[in-house]
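First the structure, in the form of structure tokens, and then the observations on it.
The values are calculated or read from the model by the stated rules, or taken from the named source; none is laboratory data. These numbers come from a predicted model, not from an experiment. Cβ sites come from the backbone with ideal geometry, for glycine too, and all protein chains shown count toward neighbours.
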Amino acid sequence: MSEAVAVETQESRWNRGKVGTLCLIMSETTFFSIFIVAYLFYTGKSLNGPYPVEVLEWPWLATACLLSSSVSVVLAVKFLEKGVIPIFIAFLFITALLGSIFLGFTAFEWYGLIFEHGLTIRTNLFGSTFYSLVGFHAAHVTIGVLIMLLILVLSLGGHVRSEHSHRVDMFSWYWHFVDVVWIFVFTVVYALPLWPPF
Amino acid sequence: MIGRRDLDLAALARVSACFSVALLAGAAAAAEPGGQGAVQVPSMFAPASTPANIIADYSVLVLVICTAIFVVVAGLLAMTVVRFRSRPDDDGREPPQVYGSNQIELAWTVVPMLIVILLGLVTARNILALQKDERPEGWLPVTVIGHQWWWEFRYPEQGVVTANELHLPVGRPAFFDLESQDVIHSFWVPQLSGKTDLIPNRTNHLWMEPLEPGVYVGQCAEYCGTQHAHMLLRVVVHSPGDFERWLAHQRTDAAVSPGVNAGRHLFETTACVNCHTVRGTDADGQFGPDLTHLMSRATIGAGVASNDRAHLIEWVTDPAHLKSGARMPAMKLESRQIEQVVDYLLTLH
Amino acid sequence: MVAIDGPAERHASARPWTDVLHDWVATVDHKKLGLMYIGSGLVFFLIGGIEAAAMRAQLAVPNNDLLSPEVFNRFFTMHGTTMVFLVGMPIITGFANFVLPLMIGARDMAFPRLNAWGFWMFLFGGLILYFSYLGSEGLYGAGTAPDVGWFAYSPLAGKAFSRGNATDYWILGILVSGFGSLSGAVNMIATAFTMRCKGMTVRRMPLFIWMTLVVSFLMLLALPPLTAAQVMLLFDRFLGAHFFDTQSGGDAVLWQHFFWFFGHPEVYILVIPAFAYASEIIPVFSRKVIFGYAVMVAATVSIGFLATAVWAHHMFTVGMGKGLNIWFAAITMVVGIPTGIKIFNWIATMYGGRIRFRVPMLFCTAFLAQFLIAGLTGIMLAATPFDWQLSDSYFVVAHFHYVLIGGLVMTIFAAIYYWFPKMTGVMLSETLGRWHFWLFVVGFQLTFTTMHFQGMLGMPRRIYTYPADRGWEILNLITSLGVVFQAAGVICLLLAFVQAVRRPQPAGDDPWDAWTLEWSTSSPPPAYNFAEDPEVRSRRPLWDLKHPEDPDWKYE
């Protein structure tokens, strides 16, 4: 085979992994922005209930889990950089666990909304914008958890070493992005309806 | 290696000049103001209404500015192409390499900026003049409802409902409420005003002030499905007296003529009444055009055919024949029944 | 330069066709992928052109019945969608793919496998779209392509008014092929930022690279909103959501805002590569350095930023308030300033030069004149009251074809004649190229100059026929006639390709006496591009080599 894979010519401050991840995050930001704009635009415009103030409860625990998972992932990367693999695995596992608990809370919330309050994506504008925005966020969390599981499996097999820490760092940037999106979702979906001017 | 035939600019210039003159002459000849019967060119540069006048004057200014820019820049390009092409006797040396010039860059940044500022201010002024909120004394309210693929016109103050043909009085501003029953349409009669869209779940506004009696044509200008091409508009501008007479006539119930009882009976007992209204009878359907004064209109099917017996028979037999995809189904009547119905329709003046 | 496995070796070994096919299908090499992108784009160009020719045949005379309204509406939808997503996007990605790593002295793109994935996603998306002709169930039975226009306004594109699956093919085809463009953008940025050869600071990058970067950032910013809007439309159509469902309080204009927030940057994504090709070709054939490099960079970057702020000039007729109309008119006119500056800089590059009117330069000169007109008609459309007459008429069709054909396609033709020798080692026939140029330009002018007048005389767009009594007949006939000449021109290009195979004229490494790094490799370049990592001291490394007594780095 006359073709070989590209090799980085120089390790600059900006390596291709960092740039690529930032580009991905930029594009995902604009993707989520459209769903947030749609949610804000349709706030208060549903022709029939259920309405947000009637059915939503503040997801305190879920939020706490997700935000603290950002801390644990940072710690995971730090320990991988130092080469302390077992602690790295522990913190990565904690991150995945916290992410999964978040997903569990989402599932629980959706179960209640659908079966107790009768709110589905087709019920009204609130339903359409809520499920799509929160759903896409949850999908991104799911993808993150799956990636972490993959890394965990590879680590348990001894394939992940400290020289790979920059790759897990790239993942942690994605994970932080998912967290930041949640902060926006939380503000727009849960906090705003309960703010007097709204 | 230099090409055998370089740009023959003289020949090119001659050809383009002839072509442009022919084109402009053709277009100018075609752009006569509206008149009945003959070619009716809906040119934005043959305005017959106040807003259309404002737009036309403004547009000419924009055209003049853009043409001036074109002449200058294209002239520069042409001059450069002619003067600096490599000649056969070129010694192959590279010309002096000029990397840039801050002064020149500044100059050709500032001048366009000034042009844009000027144009921006003129544009803002004209937008404000055209998007009026306040309505002058004696304005005529009209509601336009867009359907796939016909126009419903309502004169709310007079309780008149008609379709596809709009009648207006000369010299009196008419303000339109634009609505849609289904998808997005756009109301465009170039000689009378710019276009505005009809969007479901929203009311848009448009105004006209026709200045000359006559017939003006236009059509839907937002793709709305299969027969978007046949959602034509006819606007008849009357003297004030004629307009009042037309309006009064439209307000009356449907004419009851002798000799068409069979057709009337068929119309009122088959599905026709589900979609069409004929005021003064039991027919009060809302899905299709109001037929009370059908024969006061020049065309049927929103302009797809002229309004006469032969076309009416074709339409009632199977609308898809004249306008494929039309929402009105073929009524599956026998040809004798169809003739009876059409004879009835022909009495609805 | 030593070539380790040049074309000679490949022919001599007479490999089985399965091997060659595998090479191409499994490749991650940016050069092969670039050629595949361009090749596929050209195939779709022919298909889109046939759709256009059919429409113009229908419109040549009034009240024609060559095409039914159903077929015509599908054709204009597919023509637009094809040309934007399956011709424009892949061809610009293809050229960037081939040229960018070579121009910066790199060995390949930053993510070669992502590159390959992107190509196949694009192709798959195109096949999904075209499968609709065979497989989708539209309102009128099996085998109907989408017919909602390339921008699929709601509620026409919703389930109520577009029954069957035709519109879903439109959504999915674009969604899938969009991943190709997006991955291409990520690759371009990562490669240009991290893999430039020694000495190539950002201020020494060729303009082609700068412009590719602006395009790539715009893609990252503009494509996801389209994806989001299309996902919302899919939710409406399949899950009963109400994003654009006016019967449930949804807003039809919201789709337009989302679509054009993508759509306007999209047209800059399509046209900035035209600027990139012109910025490389015009200096070489004028024998002069580009005039005002820094200003060209600044102008392109500001166009990139401004492009994201002007989208609602496509929506002047939806009934926005005065303030919004004024803002969008003003900001759209402002974007004309950096664009105009670029035109001046190109002309200034030619001025004082020794211009060689070879085929690439012929196309670039036509580009300058035509893009000037395109920009000016753009100003006319930005002038809101003027737009209230011109919007949705043939004037708009004329304007954007002037931009996309008069601008982009012309420079794509230029780029083909310019880089084909580098890609294949063979020149394209100069004679056929000149025939191509003149036939195409004459046809283009006949068709699209005339169209401006049809718009000003009140002819709306997307109508499958028109009445005989509106004075539009002659103009439509001339417009349709132009198609014949354009088709003849394109046939000349195809003949030139054939001739390049049957009677190849070897090109050598640097047939145009050019100055950027790709011309220092063999034609075609070896798989590894550069035997040794290059090192540059200026924007025109080959100029420095050829003129050691007067190198660029003394003046930059």
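Right, A:Thr95: surrounded by 18 or more Cβ atoms within 10 Å (Cβ to Cβ) and closer than 21 Å to A:Ile151 by Cα or not?
Yes; evaluated as a whole, the condition is true for this residue.
Can you spot a residue in the range C:35-45 that is touching a Ser or Thr at 6+ places or on another chain (Cβ under 8 Å), of a type outside the set (S, T, N, Q) and in a loop (DSSP other than H, G, I, E, B)?
no
Working only within the range C:368-390, note down all residues that are closer than 17 Å to B:Val72 by Cα and either touching a residue at least 40 places away in the same chain (Cβ under 8 Å) or of a type in the set (Val, Ile, Thr) (or both).
Selection gives C:Leu368, C:Gln370, C:Phe371, C:Ile373, C:Thr377, C:Ile379.
Could you pull out the residue among C:Leu100, C:Leu86 that is assigned to a helix (DSSP H, G or I), within 17 Å of the chain's Cα centre (by Cα) and within 14 Å of chain A (Cβ to nearest Cβ)?
C:Leu100 is the lone residue from the list that is assigned to a helix (DSSP H, G or I), within 17 Å of the chain's Cα centre (by Cα) and within 14 Å of chain A (Cβ to nearest Cβ).
Tell me which helices (runs of 4 or more DSSP H) are completely within the range B:246-345 and hold 1 or more residues being hydroxyl-bearing (Ser, Thr, Tyr) and farther than 27 Å from C:Pro467 by Cβ, or say none if there are none. Can you show your working first?
Working: elements: B:261-269, B:272-275, B:309-317, B:319-322, B:335-345.
Output list reads B:261-269, B:335-345.
Could you tell me whether the range C:160-167 includes any residue that is in contact with a helix residue (DSSP H, G or I) (Cβ under 7 Å, 6 or more places away or on another chain) and closer than 28 Å to A:Ile25 by Cα?
no
For the range A:154-169, does any single residue satisfy the condition of being within 15 Å of the chain's Cα centre (by Cα) and free of Cβ contacts under 8 Å to residues at least 12 places away in the same chain?
Among the residues of the range A:154-169, not one is within 15 Å of the chain's Cα centre (by Cα) and free of Cβ contacts under 8 Å to residues at least 12 places away in the same chain, which makes the answer no.
Which numbered condition trips up C:Leu475, out of (1) surrounded by fewer than 20 Cβ atoms within 10 Å (Cβ to Cβ); (2) at the interface with chain B (Cβ under 10 Å from one of its Cβ atoms); (3) assigned to a helix (DSSP H, G or I)?
The single condition C:Leu475 does not satisfy is (1).
So is A:Ser70 within 19 Å of A:Ile183 (Cα to Cα) and polar (S, T, N, Q) or not?
yes
Filter the range B:179-202 for residues that are under 13 Å from the mean Cα position of the chain (by Cα) and of a type in the set (D, E, K, R); which is nearest to B:Ala46 (Cα to Cα)?
Ranking the qualifying residues of the range B:179-202, first place goes to B:Lys195.
Condition first: under 12 Å from B:Trp150 (Cβ atoms) and touching a residue at least 24 places away in the same chain (Cβ under 8 Å). Now tell me which residues in the range B:301-323 satisfy that.
B:Gly301, B:Ala302, B:Gly303, B:Val304, B:Lys323
Considering each residue of the range B:194-233, count those that are at the interface with another protein chain (Cβ under 9 Å from one of its Cβ atoms) and either part of a loop (DSSP other than H, G, I, E, B) or under 21 Å from C:Val396 (Cα atoms) (or both), and give that number.
The qualifying residues number 24.
Is there a residue in the range B:66-78 that is buried (at least 19 other Cβ atoms within 10 Å of the Cβ), under 26 Å from the mean Cα position of the chain (by Cα), modelled with pLDDT of 95 or more and facing chain C (nearest Cβ under 7 Å)?
The answer is yes, given that some residue of the range B:66-78 is buried (at least 19 other Cβ atoms within 10 Å of the Cβ), under 26 Å from the mean Cα position of the chain (by Cα), modelled with pLDDT of 95 or more and facing chain C (nearest Cβ under 7 Å).
Testing B:Val341 on (1) crowded, with 22+ Cβ neighbours inside 10 Å; (2) farther than 20 Å from B:Gly146 by Cβ; (3) in contact with a strand residue (DSSP E or B) (Cβ under 9 Å, 6 or more places away or on another chain), one condition comes back false. Which one is that?
The single condition B:Val341 does not satisfy is (3).
Checking the condition more than 26 Å from B:Phe243 (Cβ to Cβ) and touching a helix residue (DSSP H, G or I) at 6+ places or on another chain (Cβ under 6 Å), which residue from B:Ala320, B:Ala305 passes?
Values: B:Ala320 fails: touching a helix residue (DSSP H, G or I) at 6+ places or on another chain (Cβ under 6 Å).
Selected residue: B:Ala305, the only one of B:Ala320, B:Ala305 that is more than 26 Å from B:Phe243 (Cβ to Cβ) and touching a helix residue (DSSP H, G or I) at 6+ places or on another chain (Cβ under 6 Å).
Report, by residue number, each residue of the range C:230-249 that is facing another protein chain (nearest Cβ under 7 Å) and outside any helix (DSSP H, G or I).
Listed by number, the residues that qualify are C:Gly240, C:Ala241, C:His242, C:Phe243, C:Gly249.
Results for (1) in contact with a Cys (Cβ under 8 Å, 6 or more places away or on another chain); (2) among the polar types (S, T, N, Q); (3) assigned to a helix (DSSP H, G or I); (4) modelled with pLDDT of 95 or more, shown as yes or no for each residue.
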| residue | (1), (2), (3), (4) |
| --- | --- |
| A:Leu75 | no, no, yes, yes |
| A:Lys78 | no, no, yes, yes |
| A:Phe88 | no, no, yes, yes |
| A:Phe91 | no, no, yes, yes |
| A:Leu97 | no, no, yes, yes |
| A:Phe102 | yes, no, yes, yes |
| A:Ala107 | no, no, yes, yes |
| A:Ser128 | no, yes, yes, yes |
| A:Thr142 | no, yes, yes, yes |
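Which of the following residues is more than 13 Å from every other protein chain (Cβ to nearest Cβ) and closer than 30 Å to C:Ile303 by Cβ: C:Thr212, C:Thr201, C:Thr191, C:Thr227?
Going through C:Thr212, C:Thr201, C:Thr191, C:Thr227 in turn, just one is more than 13 Å from every other protein chain (Cβ to nearest Cβ) and closer than 30 Å to C:Ile303 by Cβ: C:Thr212.
Failed condition for B:Gly214, given (1) touching a Pro at 6+ places or on another chain (Cβ under 7 Å); (2) surrounded by fewer than 24 Cβ atoms within 10 Å (Cβ to Cβ), with all others met?
(1)
I want to confirm something. Restricting to the range B:155-178 and keeping residues that are free of Cβ contacts under 8 Å to residues at least 40 places away in the same chain and touching an Asp or Glu at 6+ places or on another chain (Cβ under 9 Å), which single residue is nearest to the other protein chains (Cβ to nearest Cβ)?
In this case the residue turns out to be B:Leu178.
Hey, could you check the range C:140-190 for residues that are of a type in the set (Val, Ile, Thr) and touching a strand residue (DSSP E or B) at 6+ places or on another chain (Cβ under 9 Å) and say which is farthest from A:Thr21 (Cα to Cα)? It would help to see each step written out before you state the result.
Step one: list which residues in the range C:140-190 are of a type in the set (Val, Ile, Thr), which gives C:144, C:148, C:167, C:171, C:174, C:176, C:186, C:189.
Within this subset, residues satisfying the condition of being touching a strand residue (DSSP E or B) at 6+ places or on another chain (Cβ under 9 Å) are C:144, C:167.
On the way: C:Thr144: 40, C:Thr167: 33 Å.
If we take residues in the range C:140-190 being of a type in the set (Val, Ile, Thr) and touching a strand residue (DSSP E or B) at 6+ places or on another chain (Cβ under 9 Å), then C:Thr144 is farthest from A:Thr21 (Cα to Cα).
Let's see how each residue does on (1) surrounded by fewer than 24 Cβ atoms within 10 Å (Cβ to Cβ); (2) over 20 Å from C:Ala276 (Cβ atoms); (3) in contact with a Lys or Arg (Cβ under 7 Å, 6 or more places away or on another chain):
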site	(1), (2), (3)
C:Ala398	no, yes, no
C:His401	yes, yes, no
C:Ile405	yes, no, no
C:Val441	yes, yes, no
C:Leu446	yes, yes, no
C:His452	no, yes, no
C:Pro460	no, yes, no
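Output the residue which, of all residues in the range C:177-192 that are buried (at least 22 other Cβ atoms within 10 Å of the Cβ) and of a type outside the set (A, V, I, L, M), is nearest to C:Phe119 (Cα to Cα).
This residue is C:Gly180.
C:Tyr394 is checked against (1) buried (at least 24 other Cβ atoms within 10 Å of the Cβ); (2) under 30 Å from C:Val318 (Cβ atoms); (3) under 22 Å from the mean Cα position of the chain (by Cα); (4) free of Cβ contacts under 8 Å to residues at least 60 places away in the same chain and fails just one. What number does that condition carry?
Evaluating C:Tyr394 over (1) buried (at least 24 other Cβ atoms within 10 Å of the Cβ); (2) under 30 Å from C:Val318 (Cβ atoms); (3) under 22 Å from the mean Cα position of the chain (by Cα); (4) free of Cβ contacts under 8 Å to residues at least 60 places away in the same chain leaves (4) as the failure.
Which of the following residues is within 14 Å of chain C (Cβ to nearest Cβ) and farther than 30 Å from A:Lys45 by Cβ: A:Arg122, A:Arg167?
None of the other options fit; the residue is A:Arg167.
Does C:Ile331 qualify as being at pLDDT 95 or above and either more than 27 Å from C:Ile281 (Cα to Cα) or touching a strand residue (DSSP E or B) at 6+ places or on another chain (Cβ under 9 Å) (or both)?
yes
When you go through B:Gly138, B:Gly146, B:Gly120 one by one, which is the residue that is free of Cβ contacts under 8 Å to residues at least 60 places away in the same chain and either surrounded by 13 or more Cβ atoms within 10 Å (Cβ to Cβ) or within 11 Å of another protein chain (Cβ to nearest Cβ) (or both)?
That would be B:Gly120, the only listed residue that is free of Cβ contacts under 8 Å to residues at least 60 places away in the same chain and either surrounded by 13 or more Cβ atoms within 10 Å (Cβ to Cβ) or within 11 Å of another protein chain (Cβ to nearest Cβ) (or both).
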